[in-house]
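Shown next, in structure tokens, is the structure this report addresses.
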Amino acid sequence: MSEILLKAIGVRKYFPIKGGISGRTLGYVHAVDDVNLTIYKGETVGVVGESGCGKTTLGRVILDLIEPTTGALFYKPDEASVNQLEGLYTELTANGARELKKEEKKILGTTKDNIYKSRSKRKDFRSRVQIVFQDPVSSLDPRMLIKDVIAEPIRINGVPKEDGTNDGTGARVRLRGEVANKYVLDIVTEMGLNEDHLYRFPHEFSGGQRQRIAIARAIAVKPEFIVLDEPTSALDVSVQAQILSLLKNLQKKYNVTYMFITHNLAVIRAVSNRVIVMYLGKIVEEALTDELFEFPIHPYTQALISAIPIPDPTFKRQRLVLSGDVPSPANPPSGCRFHTRCRFAKEICSTEEPKLKEIRAGHIVACHFAEEILKTETSSSGIKKTRETAK
Ligand code: SF4
């Protein structure tokens, strides 16, 4: 297994709902609930789910843009502390307790390598990670020339020493003057833009060009990890393909790790090594990309995959339509959160929350009936057709 770059344990993010004259807290939106996540160096991990499933919040928590309500985030932890932490967490949650007790939280929170416990570690972490948003119009300052948009993070965070590749040694240098100008020109050229573009404002570009500029700004500091939050959703299909190919080339060249957030499963299949499926703030299924598309087990994943359009009008397939709306994350259903829309739901599903467990090698699913579903579905034509749609 390759080196662990990031490890999130027991992450929850609850947003308070304020109301009344006094502005008191009336409840909480459970945006991300009890998520454990490992990201390996050099991979692309896809995070998929409907709007409101918590994937964007998870991306922001992972980047330390927002602090989680509970949980810990570890950057390049050593194997011993990862094992110790996982053991500890399993022990703490084995009795089904939804909330970690104060003392237990303290143990997790103070463990070495937790970025929240060291100011310098946190600062160093932030200089090594970047984000690309869906809408570059709002993420690029309209009053700044492109050369300044790209040079700003270089001035603040610097770039790794020597040849600028992210070798992880930690040494960084801040570029200024002519050296910085030359560096910025090299970056925009690599993105398929030219020197003239440096002296224009963001509104003078098309959507695809603006996204190239946003990627240039992110890649300029030679980060080790980038969260791509729906980077192609607002673009035409032909431009989408160009941006995906650009991202792949940059990953190869700079050995950068991606978390690719999208609701588009076809895009996820094209770019990811591993896929995480989220529903109402929880991870419900996780597997290597080919494995997930070949053997989707969770009923929610099966429905998502069956909705991928196939460019062949003669091909007939079974579409698994989800009934009802996504329940409110402020008041998630009891037991399995998917039980209000699940075609396999039984009594236990509304009372007992299923835990994530490994059903096939490296394939984890949160469903009481995962084994049964896998057995029946793989032998039925229904899921076979569902799988064929993803090819
Ligand atoms: Fe459906 Fe029950 Fe499995 Fe949840 S636990 S996905 S409701 S069968």
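Values in this text are rule-based calculations from the coordinates and carry no lab data. Predicted, not measured: the structure shown is a model, and the values here were computed from it. A quick note on method: Cβ atoms are made from the backbone with ideal geometry, for glycine too, and the neighbour counts reach across all protein chains shown.
Go through region 197-207 residue by residue and turn each phi into a ³J(HN,Hα) via Karplus (6.51, -1.76, 1.60, θ = phi - 60°); whole Hz please, and just put x for glycine and proline.
With the stated coefficients, region 197-207 comes to 4, 5, 9, 10, 9, x, 5, 7, 10, 7, x Hz.
Jot down the per residue volume, in cubic angstrom and as a whole number, of the convex hull over the alpha-carbon atoms of region 131-252.
Once divided by residue count, the hull of region 131-252 is 98 Å³.
Treat each spin label as a single point 7 Å out from the Cα along the C-beta direction, and report the residue 351 to residue 318 distance in nm.
3.0 nm
In nm, what is the difference between 0.36 nm times the number of residues separating residue 310 and residue 79 and their Cα-Cα distance?
Full extension from residue 310 to residue 79 adds 78.9 nm.
Three principal axis extents, largest first, for the C-alpha atoms of region 276-390, in Å?
For region 276-390, the Cα extents along the three principal axes come out at 42, 32, 23 Å.
What is the sum of charges, Lys and Arg at +1 and Asp and Glu at -1, for the other residues whose Cβ falls under 11 Å from the Cβ of residue 326?
Net charge in that neighbourhood comes out at 0.
Using a Förster distance of 25 Å, how high is the FRET efficiency between residue 248 and residue 137, based on the Cβ-Cβ distance and rounded to 0.05?
Computed FRET efficiency for residue 248 and residue 137 comes out at 0.55.
Between region 294-309 and region 19-48, what is the separation of their alpha carbon centroids in Å?
Comparing the Cα centres of region 294-309 and region 19-48, I get a distance of 23 Å.
Please compute the modelled spin-label separation between residue 290 and residue 144, points set 7 Å along Cα→Cβ, answer in nm with one decimal.
4.2 nm
How much FRET efficiency would the formula 1/(1 + (r/R0)^6) give for residue 376 and residue 40, where r is the Cβ-Cβ distance and R0 is 25 Å, rounded to 0.05?
That gives a FRET efficiency of 0.15.
Determine the gain in length on full extension of the stretch residue 360-residue 273; use 0.36 nm per residue of separation and subtract their C-alpha separation, reporting nm with one decimal.
Net length gain for the segment: 29.6 nm.
Going by average Cβ neighbours within 10 Å, how do the peptides 357-368, 280-291, 299-310 rank, with the highest at the top?
Final packing ranking: 280-291, 299-310, 357-368.
Quick one: length gained pulling residue 178 to residue 204 fully straight, 0.36 nm per residue minus the C-alpha distance?
6.8 nm
Compute the Rg/Rh shape ratio of region 225-313: radius of gyration over Kirkwood radius, all on alpha-carbon atoms.
Across region 225-313, the Cα-based Rg/Rh ratio is 0.97.
Defining a contact as two alpha carbons under 8 Å apart and six or more residues distant in sequence, what relative contact order in percent does region 131-252 show?
40 percent
Give me the distance in nm between label points sitting 7 Å out from Cα along the Cα-to-Cβ direction at residue 343 and residue 190, one decimal.
4.7 nm
Please report how far the C-alpha centroid of region 221-235 lies from that of region 248-282, rounded to the nearest whole angstrom.
If you average the Cα positions of each part, the centres end up 10 Å apart.
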